Structures are given as C-alpha cells and as structure tokens.
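*Asks:* Sending over a structure as structure tokens; questions will come in a sec.
The values are calculated or read from the model by the stated rules, or taken from the named source; none is laboratory data. Given the structure is predicted, the values throughout are model-derived calculations rather than measurements. Ideal geometry is used to build each Cβ from the backbone, glycine not excepted, and the neighbour counts take in all protein chains shown. All accessible areas refer to the heavy atoms of the entire protein, side chains included, with ligands and DNA or RNA removed. Shrake-Rupley method; radii C 1.70, N 1.55, O 1.52, S 1.80 Å.
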Amino acid sequence: MNRFLTDAKIIQAELGEIRRDLHRHPETGMTETRTARIVADYLKGLGLSVREGVGGTGVVGLLYGQRKTRTVAFRADMDALPMTDRTAGEHRSRIDGKAHACGHDGHTAMLLGAAALLRRGAETLEGNVKFIFQPSEERLPGGALPMIRDGVLDTPRVDGLFTCHVHPGVPQGSVMVTPGYCTVSSAGFTLEVIGKGGHVALPHQAVDPIVMAADCINAAQTIISRRTDPLDSIILAFGTIHGGTANNIIPDTVTLEGTIRALSPKQRDRVVAMFRETVEATARKHGGDFRLDVRMEYPSVYNALGMVSILREAAAKVVGASRVICTERPFMGGEDVAYFHERIPGVFWFMGTGNPDMGFDHPLHSPLFDFDETVLSLGAAIHAQCAADFLSATVVPRVPGAETRRQGCEASRNRP
C-alpha cells in the first residue's frame, strides 16, 4: 500500500470528524470565520507557519522542506451554499439556509489531512508546500483574486498548484482529470426588452415586449445551433423571465436573465457580441428597444499538461492506474481557481464520490448531496503524493497557455 495512504487511513476518523463539524456549521462566502479558525488552529498545531485573514477570511499554511528552491501549493475552498440541507445524517447543517452541498467541507478536511501527512516527513521534502484555504468560491467575484492581491502566490513564489473537487458523477475512489481547458468561461446577463404598454384590446397601439422577449429567446437559440462550431462546448441559456401585472395589460418592459458559457474567454466574448447583435435586430424589428447588461464571470480553468502528468502518476500510486480517468470532456461549471492558473501552472481534478448503492449519487448543489468519508483519506494521500512528486521532478511544468486542449490525454502522459 502507498505510504501516504497507509498514514492517511490512520487519521481517517479525525478527518471525518473535521468534515462533519464543518458540515454542521456551514458558512457562506467571506463569512467563514469559524471555519478559518478551525483551519488555522489545526495548521498551527502541526507547527506550520500560518497567515490568517488573507484576502478576507482565507488561511495559508506554509511547510518548509529541506531545500527551499521550489514551492508547490494546494488549494481548498471553504465556503458553503445559501440553500437548505436535506441530508439525513447526524452531520446535517444546523444553520438555516446554509449547506455544504458542493463538498467544500470535504476539500478542507482532505487538505488538512495532507498537511498532517507531509508534516511527518518534512525532512525528506525537496521544497516547500503551501496550503491555501480559500473563501468565497461560490459567490462572485470569488475569493481567489483577493488572495492573489494579498500575495498568496508569493513569499515564497509558488511554482505549481493542485486543486481537488469531489464529484458524484465519477465512481467513488476514482480520479478524473481533463487536460487543457477543463471548465468554462462564463458571463451572466440581464436583458430588458422595452416596448410600449397598452390595453390588450388595442394591440396595434402598443409595442408588446412579451412577444419581443419570446422572439429574442427563439432567435438566440440559433447563435449556438447555426453560428458556432458544433464541436465547441458553448451554452447560451435563459434562467428567468419577468413581465406584466395583469392578463389584460400589455406591459412596458420584460426582463430576462441568463448565462453564456464557453471553454475560452475568446469564445465567450464572441458569443456575447453575437447575442447583442441578435437582441438589437430583434428589438428593432418589433419597433422596441433594449438594455443588455453583461457581467463577465470566472475565466476558464486551464490544466497544464505537465501538471496533469504529475497528478495522474501520483494518483495511480494511491488508487491504482485503472482508477485514474483522463477525459477530453470539460466540466461546464465555473471555478475561480482559474485566476490562479492564469498565473502559474496548475491542475484541477475530481475525486470520485459516486456510490448509488449507498445513496451517494445526488448531484453537486443538490440539497441531498453527500458522500462516503472514506474518500477523505484518498484525497489527502493523493495531495501528499503530488507534493512529493512535484518537488522531486527534474523539470517544472510549463506556464499556462503553452499547450492546447486538443493535445489531449495521451500528450499529458509524459509531458514536462
């Protein structure tokens, strides 16, 4: 058995208790004061150098190795979601309207476990390890940029970053990673279509924004189906529509909200431009007007191929090569770890938690999401193995943007 996994199994119960405690007391973005205190106290107990209040409520632990010429970092998000917890366990949330339905409690426990494992063998590490506990991943504009502005990647300078996220769509105990672009670059929008109100009995005296809104929705669907490459992963979706006060009144305006998602910021910006053109032409056709507010959200996460190679080899040492899945299919969610990856080589990977037999098959952000805590020791061991392998590697992975996604899984096997 892998030496890190052997040690991780010894502290499995401790990691489970930490995770359940965090699950019972969820805190949303930039309010993670209790969580941050637990994290900081644990790291201090290990004897690590600890910075608190980084980028708000963030915590950073630093473990110095024998040689200090290279530094590897690991990032875990700490925040919960503003939603009701409907899980049945004794660790169910005790805070109304807040729940760890995305597994960040597990991410935090795994990384604390990795810190404990690496602390035991610090004298053998060929470099430094930085443990980044980030606030507010779920709430825009996110906690990554504030931590970066507070110097989280400096002093000492970070050379590579590993980030784990649990995933119920991946079999429990398996690891999944996507080389290149692995999440989307997103933009949220609010569209107000402006007509001229009136009585439904006199439609010719009004400009109906409800009809205009319906036409905008239908016209926008052709942007993806007819104006973009079918092989590109792009989404344009409407999430809300509001307008009108009575069944015999034509309103003045209708407001719609939605999202645009693409693998790269360039693709996203191109779709945003086409959407604006489409809305303008539709409004003009109806004799109305519009206001479109587009809010650029997180950029795409780019997994450097050299980092993917290290992750795959390290994970295979812990769970076995047959349980390491490399896929070209990106995750269509967003992640602000992308801001870290824009500055240093990184890899964002998934720890499988899917176990239908145990009822752990509810999706992320579901009020019923939960997982078997045995994956905590696996995640901690993989983190520790990644640290050892990265710091002992003869070649540091290249900077982000040097490769393309289409080089794929095969290219990541031996790519520096």
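*Asks:* Do you know the Lys pair count in the chain for C-alpha distances under 26 Å, with sequence separation 8 or more or different chains?
*Replies:* Here the count comes out as 9.
*Asks:* With charges set only on the Cβ (+1 for Lys and Arg, -1 for Asp and Glu), what does the dipole of the chain come to about its Cα centre, in debye to the nearest 20?
*Replies:* That gives the chain a dipole magnitude of about 1020 debye.
*Asks:* Using a 1.4 angstrom probe on the protein heavy atoms only, line up 257, 297, 123 by accessible area, largest first.
*Replies:* Largest accessible area first, the residues go 123, 257, 297.
*Asks:* For a test of the definition: using alpha carbon positions, the gyration tensor, and the 1.5 limit on a/c, classify the stretch 293-360 as rounded, prolate or oblate.
*Replies:* Oblate is the answer for the stretch 293-360, as a/c is 1.5 or above yet b/c matches or exceeds a/b.
*Asks:* While we're here: Long-range amide H contacts for residue 373: which residues qualify at under 5 Å (H placed 1.01 Å from N, peptide plane, sequence gap of 5 or more or a different chain)?
*Replies:* Counting only residues 5 or more places away or on other chains, the set is empty.
*Asks:* Net charge within 9 Å of residue 389 by Cβ-Cβ distance, Lys/Arg positive one each and Asp/Glu negative one each, not counting residue 389 itself?
*Replies:* Taking every Cβ under 9 Å from that of residue 389, the sum is 0.
*Asks:* Can you give the translational diffusion coefficient of the stretch 263-392 in µm²/s, computed by Stokes-Einstein from the Kirkwood radius over Cα pairs at 10 °C and 1.306 mPa s?
*Replies:* 87
*Asks:* What's the angle, to the nearest 10 degrees (0 to 90), between helix 305-319's Cα axis and the longest principal axis of the chain?
*Replies:* On a 0 to 90 degree scale, this one is about 60.
*Asks:* Computed over the Cα atoms, what is the radius of gyration of the stretch 192-267 divided by 2.2 N^0.38 Å, N being its residue count?
*Replies:* 1.38
*Asks:* So, taking all protein chains as they sit and a 1.4 Å probe, how much accessible area belongs to residue 33, in Å² rounded to tens?
*Replies:* 90
*Asks:* Check which residues have an amide H placed less than 5 Å from residue 331's amide H, if you skip close sequence neighbours.
*Replies:* 183
*Asks:* Could you work out the relative contact order of the chain, using alpha carbon pairs under 8 angstrom and six or more residues apart, expressed as a whole percent?
*Replies:* Across the chain, relative contact order equals 24 percent.
*Asks:* What accessible surface, in Å², does a 1.4 Å probe find on residue 326, ignoring ligands, DNA and RNA and rounding to the nearest 10?
*Replies:* 40
*Asks:* Rg and Dmax of the stretch 134-269, Cα atoms, in Å?
*Replies:* Just the Cα atoms of the stretch 134-269 yield Rg and Dmax of 21.9, 72 Å.
*Asks:* Right, next: Output wanted: per-residue J couplings in Hz (rounded whole) for the stretch 214-224, from phi through Karplus 6.51 cos²θ - 1.76 cosθ + 1.60, θ = phi - 60°, x for Gly and Pro.
*Replies:* Rounded to whole hertz, the list is 4, 5, 4, 4, 5, 5, 5, 5, 6, 4, 7.
*Asks:* Rank 18, 260, 38 by mean-square fluctuation in a GNM of the chain with C-alpha springs under 10 angstrom and give only the top-ranked residue.
*Replies:* 38
*Asks:* Rg over Rh of the stretch 87-152, using C-alpha atoms and the Kirkwood radius, what does it come to?
*Replies:* 1.08
*Asks:* Given R₀ = 41 Å, what would the calculated FRET efficiency be for residue 201 paired with residue 257, taking r from the Cβ atoms and rounding to 0.05?
*Replies:* Given R0 = 41 Å and the Cβ-Cβ separation, E is 0.85.
*Asks:* Accessible area per residue of the chain at 1.4 Å probe, in Å²?
*Replies:* 41
*Asks:* For a quick check: with amide H placed at 1.01 Å from N, whose amide H comes under 5 Å from residue 77's, ignoring anything fewer than 5 positions away on the same chain?
*Replies:* The list, which skips near neighbours in sequence, is 134.
*Asks:* Under 14 Å from the 7 Å Cα→Cβ point of residue 49, by amide nitrogen: which residues of the stretch 143-165?
*Replies:* Once the point is set 7 Å along Cα→Cβ of residue 49, 152-158 turn out to lie under 14 Å by backbone N, inside the stretch 143-165.
*Asks:* Say the dipole of the stretch 121-230 comes from +1 at the beta carbon of Lys and Arg and -1 at that of Asp and Glu; which of 161, 195, 216 then lies farthest toward its positive end?
*Replies:* With unit charges placed on the Cβ atoms, the residue in question is 195.
*Asks:* Next question. Indicate the gyration tensor shape class of the stretch 109-211 (rounded, prolate or oblate), computed on the Cα atoms with a ≥ b ≥ c the square roots of the eigenvalues: a/c under 1.5 is rounded; otherwise a/b larger than b/c is prolate and the rest oblate.
*Replies:* Taking the square roots of the gyration eigenvalues as a ≥ b ≥ c, the stretch 109-211 is prolate.
*Asks:* Pop out the ³J(HN,Hα) list for the stretch 114-131 in order, Karplus 6.51 cos²θ - 1.76 cosθ + 1.60 with θ = phi - 60°, rounded to Hz; leave Gly and Pro as x.
*Replies:* Each residue of the stretch 114-131 in turn: 4, 4, 5, 5, 6, 4, 5, x, 4, 5, 9, 6, 8, x, 9, 10, 10, 10 Hz.
*Asks:* Stretch residue 126-residue 246 to full length: gain in nm at 0.36 nm per residue minus the Cα-Cα span?
*Replies:* Between residue 126 and residue 246, full extension yields 36.2 nm more.
*Asks:* Between helix 33-45 and the chain, what is the angle of the helix's C-alpha long axis to the longest principal axis, kept within 0 to 90° and rounded to the nearest 10?
*Replies:* 20
*Asks:* Which whole-number percent is the relative contact order of the stretch 127-209 (Cα, under 8 Å, 6+ apart)?
*Replies:* 13
*Asks:* If I measure Cβ to Cβ between cysteines in the chain, which ones have no partner under 4.7 Å?
*Replies:* Lacking a cysteine Cβ partner under 4.7 Å: 102, 164, 182, 216, 386.
*Asks:* With r defined as the distance between the Cβ atoms of residue 217 and residue 374 and R0 fixed at 45 Å, what FRET efficiency is calculated, to the nearest 0.05?
*Replies:* Efficiency for this residue pair is about 0.50.
*Asks:* Something else about it: Using Cα atoms only, what is the angle between the long axis of helix 12-24 and the major principal axis of the chain, expressed in degrees (0 to 90) to the nearest 10?
*Replies:* The angle comes out at about 30 degrees.
*Asks:* Further, regarding this structure: Heads up, I need the accessible area for residue 202: 1.4 angstrom probe, whole protein in place, Å², nearest 10.
*Replies:* Residue 202 exposes around 70 Å² with every protein chain in place.
*Asks:* A follow-up question, please. Take residue 64 and residue 284, extend 7 Å from each Cα along the Cα→Cβ direction, and tell me the distance between the two endpoints in nm.
*Replies:* With each label point 7 Å from Cα toward Cβ, the separation is 6.6 nm.
*Asks:* What length, rounded to one decimal in nm, is gained on full extension from residue 231 through to residue 157, with 0.36 nm per residue of separation minus their alpha-carbon distance?
*Replies:* In short, 22.8 nm is gained.
*Asks:* Using only the Cα atoms, what convex hull volume per residue in Å³ does the stretch 1-133 have?
*Replies:* Measuring per residue, one finds 105 Å³ for the Cα hull of the stretch 1-133.
*Asks:* Within the accessible area of the chain, what % is carbon and sulfur when the probe is 1.4 Å and the other protein chains stay in place?
*Replies:* Carbon and sulfur atoms account for 52 percent of the accessible area of the chain.
*Asks:* Still on this model: Can you bin every Cα-Cα distance in the chain into 20 Å intervals starting at zero and give me the percent of pairs per bin, rounded to whole numbers?
*Replies:* Histogramming the chain at 20 Å steps yields 26, 51, 19, 4, 0 percent.
*Asks:* Right, something else. Name the most mobile residue of 303, 218, 247, meaning the one with the largest mean-square fluctuation, in a Gaussian network model of the chain with Cα contacts below 10 Å.
*Replies:* Result: 247 has the largest fluctuation of those listed.
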